[in-house]
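The values are calculated or read from the model by the stated rules, or taken from the named source; none is laboratory data. Predicted, not measured: the structure shown is a model, and the values here were computed from it. So basically every Cβ, Gly included, is an ideal-geometry build from the backbone, and we count neighbours across all protein chains shown. Ligands, DNA and RNA are stripped out before the accessible areas are found, and what is left, the full protein with its side chains, is counted by its heavy atoms. Shrake-Rupley method; radii C 1.70, N 1.55, O 1.52, S 1.80 Å.
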Amino acid sequence: MRVVKEATERRREILDVSERLFTANGYDNTSTNDILAEIGIARGTLYYHFKSKEDILDGIIDRIIKGIEHKVSVIAMNEETPVLERFTKAVLSANVDTEVGDMILTEVHKPQNALMHQKMEKSLLGSIAPYFVKIIKDGIAQGIMQTDYPEEVIEMTLAYANETFDDTNDYPEEVKLHKVMAFIRNAELMLGMEKGSLLDAMMPMFYRR
């Protein structure tokens with residue numbers, strides 16, 4: 001006897017199972033038949049929620065981004081935490097560092113998925129940018145930072161960081177360090193801060209203990 005579930009619950013189940021199968025077997029090695037067999041639903045039920053396997057992957061990505069946005073928002077809005085500490089924690093929480101996240105990144109980095117990669121980047125940066133702007137505006141109010149363009153600074157900083165440091169393992173160590181130091185110094189200049197002001201706040205982005 002087939003179990004009837006609420007639409008939101010069924011959609012979540014499809015994402016959960018697909019996420020587990022994609023992570024365990026690889027996206028390319030997982031078919032919609034595998035997903036159907038694992039859940040025990042008809043193909044029509046799957047297609048009611050998702051048009052294709054690619055659409056399921058989009059749903060997983062969207063769920064990851066919403067989770068990241070929530071974590072960043074909680075950190076950014078906690079005004080009891082010092083500005084630079086909030087900045088560091090928000091950046092670290094914006095990283096995709098889970099097993100399923102690694103699977104997603106592997107998939108979107110494939111040449112044939114360039115549009116998916118671009119879509120994911122745009123969605124992620126758009127969702128978290130306002131919270132970083134909030135942190136910068138708090139820094140300006142406290143005299144820690146100085147800029148007339150907080151939104152543009154964050155837009156440029158996040159876009160550049162995402163593009164340049166998408167995979168820091170591609171760089172030899174000395175090249176990576178040079179790029180990191182240049183990035184931090186330019187961020188300081190855009191935020192009207194003295195040299196070295198952001199070193200402690202931003203180094204954990206690239207060198208985690």
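Determine the dipole magnitude for the chain: charges of +1 sit on the beta-carbon of Lys and Arg, -1 on that of Asp and Glu, nothing else is charged, the reference point is the Cα centre, and the result goes in debye to the nearest 20.
That gives a dipole near 500 debye.
On a 28 Å Cα-Cα criterion, which of the cross-link pairs 134/179; 66/195; 53/134; 53/176; 51/71; 134/195 come out too long? Please report the intermediate quantities before stating the final value.
Numbers: 134/179 26 Å; 66/195 34 Å; 53/134 37 Å; 53/176 36 Å; 51/71 30 Å; 134/195 22 Å.
66/195; 53/134; 53/176; 51/71, as the Cα separations exceed 28 Å there.
Calculate what fraction, in whole %, of the accessible area of the chain sits on carbon and sulfur atoms when a 1.4 Å probe is rolled over the protein chains.
52 percent
For Rg/Rh (Cα atoms, Kirkwood Rh), pick the label among [x] 1.05; [y] 1.02; [z] 0.99 that corresponds to the value derived from the coordinates.
This structure yields the entry labelled [x].
For residue 35, what is the net charge nearby, where nearby means another residue's Cβ is under 11 Å from its Cβ and Lys, Arg count +1, Asp, Glu -1?
For residues surrounding residue 35, the net value is -2.
Angle between the Cα long axis of helix 150-164 and the longest principal axis of the chain, 0 to 90 degrees, nearest 10?
60 degrees
If you fit an axis through the alpha-carbon atoms of helix 83-93 and take the longest principal axis of the Cα set of the chain, what angle between them do you get, 0 to 90°, nearest 10?
Rounded to the nearest ten degrees, it is 30.
What whole-number value in Å² describes the accessible area per residue of the chain for a 1.4 Å probe?
Per residue, the chain has an accessible area of 58 Å².
Would you mind counting up the charge near residue 184? Only other residues with Cβ under 11 Å from its Cβ, with Lys and Arg at +1 and Asp and Glu at -1.
Summing Lys/Arg as +1 and Asp/Glu as -1 gives +1.
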